[in-house]
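Worksheet: one structure, shown below.
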Amino acid sequence: MNKAIFWDKDGTLIPDIPYNVNPERISLYADVQANLNRLQTAGFRQFVVSNQAGVAYGLFDEAALTPVWKRLSTLLAPVGVHLDGVYYCPHHPGGKVDEYAKACACRKPEPGMLLKAAQDHAINLSESWMIGDILNDVEAGNRAGCRTVLVDRGNETEWLDGPHRTPTAVVNSIEEATDFILHYHD
(Lines give C-alpha, C1' and ligand atoms only; values in the text may rest on other atoms or scores of the structure.)
Protein backbone atom coordinates (compact mmCIF):
# COMPACT_ATOMS: atom_id res chain seq x y z
CA MET A 1 0.00 0.00 0.00
CA ASN A 2 1.16 3.53 -0.80
CA LYS A 3 1.01 6.66 1.29
CA ALA A 4 -0.17 9.88 -0.29
CA ILE A 5 -0.68 13.59 0.05
CA PHE A 6 -4.02 14.87 -1.20
CA TRP A 7 -3.79 18.55 -2.10
CA ASP A 8 -6.57 21.05 -2.44
CA LYS A 9 -5.71 23.32 -5.38
CA ASP A 10 -7.23 26.80 -5.06
CA GLY A 11 -5.92 28.70 -2.05
CA THR A 12 -3.56 25.88 -1.08
CA LEU A 13 -1.17 25.26 -3.99
CA ILE A 14 -2.12 28.31 -6.05
CA PRO A 15 -3.57 31.72 -5.23
CA ASP A 16 -7.36 31.50 -5.34
CA ILE A 17 -8.79 33.30 -8.35
CA PRO A 18 -12.46 32.25 -8.28
CA TYR A 19 -13.53 30.05 -11.19
CA ASN A 20 -10.28 30.60 -13.07
CA VAL A 21 -9.55 28.17 -15.91
CA ASN A 22 -7.08 30.41 -17.74
CA PRO A 23 -3.73 28.59 -17.42
CA GLU A 24 -1.82 31.87 -17.86
CA ARG A 25 -3.29 33.12 -14.58
CA ILE A 26 -2.17 30.07 -12.60
CA SER A 27 0.93 30.35 -10.47
CA LEU A 28 2.21 28.38 -7.50
CA TYR A 29 2.81 29.79 -4.04
CA ALA A 30 6.55 30.33 -3.60
CA ASP A 31 7.10 27.36 -1.27
CA VAL A 32 5.14 24.76 -3.26
CA GLN A 33 7.77 23.33 -5.64
CA ALA A 34 10.49 22.64 -3.09
CA ASN A 35 8.15 21.18 -0.51
CA LEU A 36 6.21 18.93 -2.86
CA ASN A 37 9.62 17.68 -3.96
CA ARG A 38 10.54 16.95 -0.31
CA LEU A 39 7.32 15.00 0.20
CA GLN A 40 7.74 13.08 -3.05
CA THR A 41 11.33 12.22 -2.07
CA ALA A 42 9.99 10.94 1.28
CA GLY A 43 7.81 8.46 -0.62
CA PHE A 44 4.45 10.21 -0.71
CA ARG A 45 2.40 9.92 -3.89
CA GLN A 46 0.70 13.22 -4.68
CA PHE A 47 -2.83 13.95 -5.84
CA VAL A 48 -4.91 17.05 -6.39
CA VAL A 49 -8.53 16.85 -5.18
CA SER A 50 -10.53 19.90 -6.17
CA ASN A 51 -14.14 21.06 -6.15
CA GLN A 52 -14.93 22.64 -9.52
CA ALA A 53 -18.46 24.00 -9.11
CA GLY A 54 -17.91 26.37 -12.06
CA VAL A 55 -18.89 23.43 -14.28
CA ALA A 56 -22.23 23.03 -12.47
CA TYR A 57 -22.80 26.80 -12.56
CA GLY A 58 -22.21 26.85 -16.33
CA LEU A 59 -19.21 29.17 -16.05
CA PHE A 60 -16.99 26.80 -18.04
CA ASP A 61 -17.15 23.35 -19.63
CA GLU A 62 -15.54 20.36 -17.98
CA ALA A 63 -13.05 20.25 -20.88
CA ALA A 64 -11.68 23.65 -19.77
CA LEU A 65 -10.11 21.93 -16.75
CA THR A 66 -7.61 19.87 -18.77
CA PRO A 67 -5.34 22.88 -19.49
CA VAL A 68 -5.45 23.74 -15.77
CA TRP A 69 -4.12 20.31 -14.80
CA LYS A 70 -1.48 20.51 -17.54
CA ARG A 71 -0.36 23.92 -16.24
CA LEU A 72 0.02 22.54 -12.71
CA SER A 73 2.14 19.68 -14.03
CA THR A 74 4.25 22.10 -16.08
CA LEU A 75 4.87 24.31 -13.03
CA LEU A 76 5.93 21.32 -10.91
CA ALA A 77 8.09 19.57 -13.53
CA PRO A 78 11.24 21.75 -13.18
CA VAL A 79 11.83 20.33 -9.69
CA GLY A 80 10.94 16.77 -10.66
CA VAL A 81 7.53 16.69 -8.98
CA HIS A 82 5.00 14.40 -10.58
CA LEU A 83 1.29 14.45 -9.76
CA ASP A 84 0.03 10.88 -9.55
CA GLY A 85 -3.51 11.98 -10.27
CA VAL A 86 -6.05 14.76 -10.33
CA TYR A 87 -9.57 14.19 -9.05
CA TYR A 88 -12.21 16.87 -9.29
CA CYS A 89 -15.88 17.30 -8.56
CA PRO A 90 -17.91 19.23 -11.17
CA HIS A 91 -21.13 19.04 -9.12
CA HIS A 92 -23.01 21.52 -6.97
CA PRO A 93 -26.60 21.17 -5.74
CA GLY A 94 -27.22 24.82 -6.64
CA GLY A 95 -25.85 24.47 -10.16
CA LYS A 96 -27.59 25.62 -13.33
CA VAL A 97 -26.42 22.80 -15.63
CA ASP A 98 -28.83 19.92 -15.02
CA GLU A 99 -26.24 17.16 -15.49
CA TYR A 100 -24.08 18.61 -12.69
CA ALA A 101 -26.71 20.27 -10.46
CA LYS A 102 -26.83 17.66 -7.72
CA ALA A 103 -25.52 16.57 -4.38
CA CYS A 104 -22.87 13.88 -4.68
CA ALA A 105 -20.35 11.84 -2.73
CA CYS A 106 -17.34 13.52 -4.34
CA ARG A 107 -17.83 17.21 -3.49
CA LYS A 108 -15.74 18.12 -0.44
CA PRO A 109 -16.51 17.90 2.48
CA GLU A 110 -17.60 14.47 1.22
CA PRO A 111 -14.63 12.08 0.98
CA GLY A 112 -15.44 10.58 -2.44
CA MET A 113 -12.47 11.93 -4.40
CA LEU A 114 -10.00 10.66 -1.80
CA LEU A 115 -11.69 7.27 -1.59
CA LYS A 116 -11.65 6.93 -5.39
CA ALA A 117 -7.95 7.86 -5.57
CA ALA A 118 -7.17 5.38 -2.78
CA GLN A 119 -8.98 2.62 -4.65
CA ASP A 120 -7.37 3.49 -7.99
CA HIS A 121 -3.81 3.72 -6.62
CA ALA A 122 -3.68 1.32 -3.64
CA ILE A 123 -3.38 4.15 -1.11
CA ASN A 124 -3.28 3.45 2.63
CA LEU A 125 -5.45 6.33 3.85
CA SER A 126 -4.34 5.97 7.48
CA GLU A 127 -0.77 6.80 6.35
CA SER A 128 -1.91 9.65 4.11
CA TRP A 129 -2.66 13.35 4.50
CA MET A 130 -5.20 15.83 3.14
CA ILE A 131 -3.90 19.40 2.97
CA GLY A 132 -6.21 22.29 2.29
CA ASP A 133 -7.05 25.88 3.13
CA ILE A 134 -10.61 25.45 4.43
CA LEU A 135 -12.35 23.15 6.87
CA ASN A 136 -14.29 21.38 4.10
CA ASP A 137 -10.90 20.04 2.97
CA VAL A 138 -10.12 18.95 6.52
CA GLU A 139 -13.50 17.26 6.87
CA ALA A 140 -13.09 15.36 3.60
CA GLY A 141 -9.67 14.11 4.70
CA ASN A 142 -10.80 13.13 8.17
CA ARG A 143 -13.87 11.33 6.81
CA ALA A 144 -11.65 9.41 4.39
CA GLY A 145 -9.42 8.29 7.27
CA CYS A 146 -6.45 10.56 6.57
CA ARG A 147 -4.57 12.89 8.84
CA THR A 148 -5.18 16.51 7.92
CA VAL A 149 -3.45 19.87 7.74
CA LEU A 150 -5.20 23.21 7.46
CA VAL A 151 -3.01 25.82 5.75
CA ASP A 152 -4.52 28.95 7.26
CA ARG A 153 -4.19 31.57 4.54
CA GLY A 154 -7.29 33.41 5.75
CA ASN A 155 -9.57 31.65 3.25
CA GLU A 156 -11.75 29.88 5.82
CA THR A 157 -14.59 32.29 6.58
CA GLU A 158 -17.20 30.10 8.29
CA TRP A 159 -15.19 28.18 10.93
CA LEU A 160 -18.11 25.82 11.51
CA ASP A 161 -17.35 23.15 14.08
CA GLY A 162 -18.27 19.55 13.49
CA PRO A 163 -17.18 16.03 14.32
CA HIS A 164 -14.74 15.80 11.36
CA ARG A 165 -13.56 19.41 11.12
CA THR A 166 -10.59 19.42 13.50
CA PRO A 167 -7.27 19.21 11.64
CA THR A 168 -4.27 17.26 12.86
CA ALA A 169 -2.30 20.51 12.47
CA VAL A 170 -2.88 24.15 11.55
CA VAL A 171 -0.01 25.89 9.75
CA ASN A 172 0.61 29.06 7.76
CA SER A 173 2.47 27.67 4.75
CA ILE A 174 3.19 24.59 2.66
CA GLU A 175 6.70 24.55 4.13
CA GLU A 176 5.28 24.33 7.67
CA ALA A 177 2.88 21.59 6.55
CA THR A 178 5.76 19.63 5.02
CA ASP A 179 7.94 20.05 8.12
CA PHE A 180 5.07 18.82 10.30
CA ILE A 181 4.34 15.78 8.14
CA LEU A 182 7.97 14.74 7.78
CA HIS A 183 8.56 15.15 11.53
CA TYR A 184 5.36 13.19 12.26
CA HIS A 185 6.65 10.26 10.17
CA ASP A 186 10.18 10.25 11.70
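The figures follow:
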| item | result |
| --- | --- |
| Unmet criterion (only one of (1) free of Cβ contacts under 8 Å to residues at least 40 places away in the same chain; (2) under 13 Å from the mean Cα position of the chain (by Cα)) for D98 | (2) |
| Which numbered condition T12 misses (of (1) in a loop (DSSP other than H, G, I, E, B); (2) more than 23 Å from E158 (Cβ to Cβ); (3) among the β-branched types (V, I, T)) | (2) |
| Among (1) at pLDDT below 95; (2) within 16 Å of the chain's Cα centre (by Cα), the one test that L160 misses | (2) |
| Residues that are open to solvent by less than 80 Å² (accessible area, probe 1.4 Å), under 14 Å from D31 (Cβ atoms) and not in a loop (DSSP other than H, G, I, E, B), drawn from segment 161-175 | V171, I174 |
| Test: residue in segment 59-67 that is among the small types (G, A, S) and over 25 Å from L150 (Cβ atoms) | yes |
| Residues located in segment 57-74, provided they are touching a strand residue (DSSP E or B) at 6+ places or on another chain (Cβ under 9 Å) and under 20 Å from A103 (Cα atoms) | E62 |
| Subset of segment 41-54 that is open to solvent by less than 40 Å² (accessible area, probe 1.4 Å) and assigned to a helix (DSSP H, G or I) - its residue that is nearest to R25 (Cα to Cα) | G54 |
| Breaking point among (1) touching a helix residue (DSSP H, G or I) at 6+ places or on another chain (Cβ under 9 Å); (2) in contact (Cβ under 8 Å) with a residue 12 or more places away in the chain; (3) not acidic (D, E), for P93 | (2) |
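The values are calculated or read from the model by the stated rules, or taken from the named source; none is laboratory data. Note that the structure is a prediction, hence the values are computed from the model and not measured. We place every Cβ from the backbone using ideal geometry, glycine too, and count neighbours over all the protein chains shown. Areas reflect the complete protein model, heavy atoms only, side chains present, ligands, DNA and RNA absent. Shrake-Rupley method; radii C 1.70, N 1.55, O 1.52, S 1.80 Å.
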